[in-house]
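The values are calculated or read from the model by the stated rules, or taken from the named source; none is laboratory data. None of the values given here were measured: they were computed from a predicted structure. Quick reminder, even Gly has a Cβ in these numbers, built from the backbone with ideal geometry, and neighbours come from all protein chains shown. These accessible areas exclude ligands, DNA and RNA; they are computed on the full protein's heavy atoms, side chains included. Shrake-Rupley method; radii C 1.70, N 1.55, O 1.52, S 1.80 Å.
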Amino acid sequence: MDYMKCALLTVGADGRFSNVRHLAGFEMIKTSPPMDILWFRLPHLPEDPQGDEGRVRGGFANGRMLAVFDRFDYWQVGYVFPKGTYQQVRAGGLQALRESIVAIEPSFAKHVTSLNDWQQFSLLSVESGRCPRWYKPGLLLIGDASHVMSPVGGVGINYAVQDATVASNLLASPLKSGRVEVSDLRKVQSEREFPTRIIQAAQSAIQKRVIANVLSSQSGVRIPPLVRLAVRIPIIRDIPARLIAFGVHRAHVA
Ligand SMILES: Cc1cc2nc3c(=O)[nH]c(=O)nc-3n(C[C@H](O)[C@H](O)[C@H](O)COP(=O)(O)OP(=O)(O)OC[C@H]3O[C@@H](n4cnc5c(N)ncnc54)[C@H](O)[C@@H]3O)c2cc1C
């Protein structure tokens, strides 16, 4: 690849299927969880709750799971099912899918009538992984190109923006001076790798211990009493939200 001939520094920020990563020969260590997701929108109806209650929620039934986000003028919904069974979901037909959604979230009985075409759904093959190394002389990977985040917690955008922030903080001076050393690029990975690994470990634990159990069980899972108690204590309950919003290590534009 001749990126070194063209520019002082090439930043690969081209997402989860990064061509730059591929061309540079970086291998990603995959920690792919056993699930796929269908993303779709449902209309916000006048009778829907207007308060903060239920803006983000989830549920499960019959080995399927739903993640629901209130986007104010519509509902963003993720329908989670075991990896590799999309063809079964599709073969079951739209009516079966609508019924499955309502079985999990009965309040969507009216909303699902708006689902009448498979083109309304985006299939997300869930992947999670990270490159052991994010740089080479003249090249740096950031965001999903260097670490594909699982959708658990919806942290991908935040982590990509934080990578860009740290990269700009650390590389602005070397770029201005016309010389970017490998050690400068290493600093970017050093600062961002730890928070990424922490959050990926947390996502992986949730996927393996909670979501995988839900998807393999027809009767649902029992939430341990300690976890149920913990989510009622504000200081503990708020930890995941803070981790999602700010990460393990906050990044500020210098
Ligand atoms: C269906 C789905 C739902 C998601 N929901 C959420 C969510 O709710 N919250 C959240 O935080 N994260 C979510 N994510 C993850 C999030 O989108 C990513 O983690 C985040 O966008 C990564 O940012 P990025 O800049 O690294 O890559 P991207 O946002 O993927 O940006 C990469 C850019 O590079 C461009 N590109 C790629 N190849 C080339 C090329 N050869 N030439 C020129 N341009 C190119 C692409 O067009 C794209 O604009 C979701 C992901 C998916 C797939």
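Laid out as a table, the results:
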item	result
The stretch 23-176 - accessible surface per residue (Å², probe 1.4 Å)	47
Qualifying lysines (Cα of each under 25 Å from Cα of K136; at least 8 residues distant if same chain)	K5, K30, K176, K187
Computed label-point distance, nm, for sites L94 and A172 using a 7 Å Cα→Cβ extension	5.1
With DNA, RNA and ligands ignored, accessible area of R98 (1.4 Å probe; Å², nearest 10)	50
Distance between modelled label sites at V248 and L124, nm, 7 Å Cα→Cβ extension	2.2
Computed label-point distance, nm, for sites V102 and D48 using a 7 Å Cα→Cβ extension	1.8
Computed lengthening from I235 to D73, 0.36 nm per intervening residue step minus Cα-Cα distance	55.3 nm
The stretch 33-90-the stretch 171-195 distance, computed between alpha-carbon centres (Å)	39
